[in-house]
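Bear in mind these aren't lab numbers, they're just calculated from the coordinates by the rules spelled out. It should be emphasised that the depicted structure is a prediction, and the values quoted were computed from it without experimental measurement. Virtual Cβ from ideal backbone geometry, glycine too; neighbours counted across all protein chains shown.
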Amino acid sequence: MDRIDFRDQISKNKRNSILLIALIAIVIVVIGYVISLAFDPSYFFIIMIIAIIVSLFYIWVGYYNSDKIAINAVGAKQADRIKYRDFYRLVEGLTIASGIPMPRLYVMESNSINAFASGRDPKNAIICVTNGALEKLERRELEAVLAHEMGHIANYDIRFITLVTVMVGMIAIISQIFLRSLWFRNSNDRNSAIFVVVGIILAILAPIVVSLVQLAISRKREYTADATAVRFTRNPNGLIGALEKIKKENHPEKKVSKALEPMFFTNPFQNLGSTHPPLEKRIEVLKKM
């Protein structure tokens, strides 16, 4: 069996994620160009400005309040330092290994084994785990799951995913504005009409395509966080053990909003079209490290 160095895995996944973001940027340029041919360029320029402002404002609010929004959405409570002494000790040890500040710790009521990290940067980060994770995981397995979440924080994944969300949101808004603006279009130019048809096709397909790209980016970040967890703990077996326990569970999370799915350690819904790679694939990669 060929061994995989966790450093190579981290670098590879980061390169692939950047390429996927570039693909989303290209889609934005293409759809913008086609629409500009169907409408007066100055009119389209105004639409683009409005779409960008709305997208950036929406993401700015979410970005600076991402930790609060996530915690309130799942009803998590801040972890008591005395009651959850081991939880604090494990994270404190990982802060030394990772060199990042101590995040605020929360506990979420759930029998499932799961966890997530949020916050705009390492200085404003939080880690939340479920009761199920604290009760069912062995110490080294829990440490590995926490190391995975610390990996998301150390790799600035929240900021990265926010950037992708901005771009995906821009495409969705531009597409909707374009489709609705067709009702006010009076031009009878044949060439322009052709570009309108092309624009309609792109406006319908682009949000679907970029959503699939967003899923792919999220999966790459999970592989990167797994590799980072191995770097922090120097042992992939803890993470393998945690994933294998989760694999045996069958408890779809009912308290979680679909929008929060990319943040969790594993897909809380256990559905198709997941933002996470298959558990079997993650375990397979970890066994080669």
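Of all beta bridges DSSP finds with both residues in region 59-151, what is the antiparallel percent, to the nearest 5?
Just about 55 percent of them are antiparallel.
Quote to one decimal, in nm, the extra length available between residue 61 and residue 140 on full extension: 0.36 nm per residue of separation minus the C-alpha distance between them.
Values: separation 79, 0.36 × 79 = 28.44 nm, distance 3.67 nm.
Full extension from residue 61 to residue 140 adds 24.8 nm.
Sorted from fewest to most neighbouring beta carbons within 10 Å, what does the list 283, 53, 217 look like?
53, 283, 217
If r is the Cβ-Cβ distance from residue 92 to residue 216 and R0 is 51 Å, what FRET efficiency results, to the nearest 0.05?
0.90
May I ask for log10 I(q)/I(0) of region 71-154 at q = 0.27 Å⁻¹, from a Debye sum over the Cα atoms as equal point scatterers with solvent left out?
Computed log10 I(q)/I(0) values: -1.58.
Quick check on the exposure proxy: order 140, 221 from fewest to most C-beta atoms within 10 angstrom.
Details: 140 15, 221 25.
Ordered by Cβ neighbours within 10 Å, fewest first: 140, 221.
If neighbour count is taken as other Cβ atoms inside 10 Å, put 98, 118 in order from fewest to most.
Listing 98, 118 from fewest to most nearby Cβ atoms yields 98, 118.
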